[in-house]
1. Could you pull out every one of the strands (runs of 3 or more DSSP E) wholly within region 1-46 that has 1 or more residues that are in contact with a Phe, Trp or Tyr (Cβ under 9 Å, 6 or more places away or on another chain), at pLDDT below 95 and of a type in the set (Ser, Thr, Tyr)?
2. Considering region 1-60 alone, what residues qualify as being exposed (fewer than 13 other Cβ atoms within 10 Å of the Cβ), touching a strand residue (DSSP E or B) at 6+ places or on another chain (Cβ under 7 Å) and among the charged types (D, E, K, R)?
Amino acid sequence: MEDQRDILFNEKPFSYKLVKDNKAQISYKGKMISTLVGKDYNKLVRVISLDNIYELQLFLAKVTGQFKHGNEKDNKQNSQ
């Protein structure tokens, strides 16, 4: 899974905040959408240590399920 439209690279819509008790709060465009704990938290810490912004954005997109594939269809036209 890659970012074909370069949204993750250019806009950097995801952010994170490490909080106590090995938890991380994940935000998308400033709105908190998820909290990571356990294995996902440990993976996040590893990705942060890579110091690669694109890999971090891609990981956050995958782990939160907010990654757009570009093949979604507009069902509004079909439902009329």
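The values are calculated or read from the model by the stated rules, or taken from the named source; none is laboratory data. Computed from a prediction, not measured in an experiment: that's the story for all the values here. Note: ideal-geometry Cβ built from the backbone for every residue, glycine included; neighbour counts use all protein chains shown.
1. 23-28, 31-36
2. Lys17
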